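Working notes, beginning with the structure itself.
The values are calculated or read from the model by the stated rules, or taken from the named source; none is laboratory data. In this text, all values refer to a predicted model and were calculated from it rather than measured experimentally. Glycine also receives a Cβ, built like all others from the backbone with ideal geometry; neighbour counts cover every protein chain displayed. Side chains are part of the model used for accessible areas, which takes the heavy atoms of the whole protein and leaves out ligands, DNA and RNA. Shrake-Rupley method; radii C 1.70, N 1.55, O 1.52, S 1.80 Å.
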Amino acid sequence: MISLNINGRGYAVQAPDDMPLLWVLRDLLNLKGTKFGCGIAQCGACTVHVDGRPVRSCMLPAANVGSREVTTIEGIAQKESGRRIQEAWLELEVVQCGYCQSGQIMSAAALIERNPCPDDAEIDAAMAGNICRCATYVRIRAAIKSASRT
């Protein structure tokens, strides 16, 4: 039995010790907002926060999370930074196909949480691990700047 704290709620799940957090979220807890992309932590689609830091849930065994707090796209609006990012995403119509968006939003929210006014280089560095096949990088940067100003 694995005990997890996800979006401020406690869960106890039966899962193999090596089951990635991504599959616990999606398959056992029905939190489908976190996406599977590459499965090797390269694309960022599966990004969630563990104690406020962005991590790739496809490579993190759920048993290794312990008592740390997990935040998913379903819970990110509970934080001011997450709510501002989501509002900016909608206002600037960032979403195209939408597949990478939850991971992008999670990385962006973590960035402005630790750096409320990032410059272009800081945004590029923080978002470098999130791939968008629709190439909305200009809109993503604009949304992060918009959210950081409010």
Give me a comma-separated list of calculated 3J(HN,Hα) values for segment 114-130, in order, Karplus coefficients 6.51, -1.76, 1.60 applied at θ = phi - 60°, integers in Hz, x for any Gly or Pro. 8, 9, x, 9, x, 8, 4, 5, 5, 5, 4, 5, 5, 9, 4, x, 10
Which GluC sites (Glu not before Pro) from segment 47-109 combine a DSSP loop assignment with at most 10 other Cβ atoms within 10 Å? Glu93
Please calculate how many Å² of accessible area the chain carries per residue, with a 1.4 Å probe and no DNA, RNA or ligand atoms counted. 50 Å²
Kirkwood Rh, angstrom, the chain [1 / mean 1/r, Cα pairs]: 15.3 Å
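Given the Cα-Cα distance of Arg149 and Glu91 and 0.36 nm per residue of separation, how much length would full extension add, in nm?
On the way: separation 58, 0.36 × 58 = 20.88 nm, distance 1.38 nm.
Here the segment from Arg149 to Glu91 would lengthen by 19.5 nm.
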Local net charge near Cys43, Cβ-Cβ under 15 Å (Lys/Arg +1, Asp/Glu -1): +3
Give me the distance in nm between label points sitting 7 Å out from Cα along the Cα-to-Cβ direction at Asp18 and Val138, one decimal. 4.6 nm
Semi-axes of the equivalent ellipsoid of segment 64-132: what are they in whole Å, largest first, if each equals the square root of 5 times a C-alpha gyration tensor eigenvalue? 19, 15, 13
How much of the accessible area of segment 3-128, probe 1.4 Å, is carbon plus sulfur, in whole percent? 50 percent
Net length gained if the chain between Ser3 and Cys117 were fully extended (0.36 nm per residue, minus Cα distance): 37.5 nm
Here the FRET efficiency for Arg68 versus Ala128, based on Cβ atoms and R0 = 22 Å and rounded to 0.05, is 0.35
Segment 66-92 and segment 1-41 have their Cα centres apart by a whole-number Å value of 17 Å
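Sequence gap at least 6, Cα distance under 8 Å: using those rules, report the relative contact order of segment 34-114 to the nearest whole percent.
36 percent
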Per-residue HN-Hα couplings for segment 60-76 [Karplus 6.51, -1.76, 1.60; θ = phi - 60°; Hz; x = Gly/Pro]: 9, x, 4, 5, 7, 6, x, 8, 5, 7, 9, 10, 10, 4, 5, x, 5
Please check: in the Gaussian network model of the chain (C-alpha springs, under 10 Å), which one of Ser81, Ser57, Ser67 has the largest mean-square fluctuation. Ser67
5 angstrom amide H check on Leu60, placed H, neighbours 5+ away: Leu21, Leu22
